[in-house]
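Every number in this text was worked out from the coordinates using simple rules, so none of it is lab data. This structure is a prediction, so every number in the text was calculated from the model and none was measured. Cβ: placed from backbone, ideal geometry, glycine included. Neighbour counts: every protein chain shown.
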Amino acid sequence: MTTRVTFICHGSTSATRRTAFPLDEPLEPAARAAAAALAERLPRPTGGQSLIGPTLRCQQTAELLGLEATVDVGLADWDLGSWAGRTLDELAAEAPDDVQAWITDPTTEPPGGEPLTSLIERVGGWLDAADTRPSRVLAVTHPAVVRAAIVHTLRTPADSFWRIDVSPLTTVEVRGRPGRWSLHV
């Protein structure tokens, strides 16, 4: 059976504006209006399932989209450990070698966090478990999770993650089944 998963990136937050690694901050006021506008054109398939990552920004986005969503820990944001809440510029000024290793080696863990390869594996595992879900899924989640899903779908090297931009409230759809996904744009 073919499954359609539409990933919806949560709305913007203060971390988005500051280009900081996020904490669990709420949506900005402008994101609320943008989510309400997206809600008007978002398809509402019958018999589907709505899921969200376990953060306030995902919950608020889903509510503004009019979705009755269930929290799914498989859609959790990338765990960046002690870097959460900080900007890349701040970190590069303090620990340039650590930041350079993290950007160039996808197996490098940020302090107390998850390496990129683990994020991609985790999200790929979540996606490949789609055969246990309805044929239509809406998933409100984080930019890093959407990027990891694209990398998994296209079977590209982990470092291609850095070449994918996912803006707030972007929707990305993948279709298929475990091990055989296609990106639909």
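Brief remarks follow.
- Only a single item in (1) of a type outside the set (D, E, K, R); (2) more than 24 Å from W126 (Cβ to Cβ); (3) out of contact with any Leu (no Cβ under 7 Å at 6 or more places or on another chain) is not met by P26, and it is number (3).
- Residue match in the range 155-169 (condition: over 26 Å from G66 (Cβ atoms), touching a strand residue (DSSP E or B) at 6+ places or on another chain (Cβ under 9 Å), β-branched (V, I, T) and surrounded by 14 or more Cβ atoms within 10 Å (Cβ to Cβ)): no
- When L138 is tested against (1) surrounded by 15 or more Cβ atoms within 10 Å (Cβ to Cβ); (2) over 14 Å from the mean Cα position of the chain (by Cα), just one condition goes unmet, and that condition is (2).
- Contacts under 7 angstrom Cβ, first residue in the range 164-185 being within 13 Å of V151 (Cα to Cα) and in contact (Cβ under 8 Å) with a residue 24 or more places away in the chain, partner part of a loop (DSSP other than H, G, I, E, B) and of a type in the set (S, T, N, Q), 6 or more apart: none
- Restricting the search to helices (runs of 4 or more DSSP H) fully inside the range 38-117 and requiring at least 1 residues that are crowded, with 20+ Cβ neighbours inside 10 Å and under 15 Å from the mean Cα position of the chain (by Cα) gives 56-64.
- The condition of being among the aromatic types (F, W, Y) and over 22 Å from H184 (Cα atoms) holds for F21.
- Neighbours by Cβ (under 8 Å, 6+ apart or cross-chain): first from the range 43-71, on the phi > 0 side of the Ramachandran plot; second surrounded by fewer than 22 Cβ atoms within 10 Å (Cβ to Cβ) and of a type in the set (S, T, Y): G47/S135
- Selection count where residues are closer than 14 Å to S167 by Cβ, in a helix (DSSP H, G or I) and touching a residue at least 40 places away in the same chain (Cβ under 8 Å), scope the range 16-37: 4
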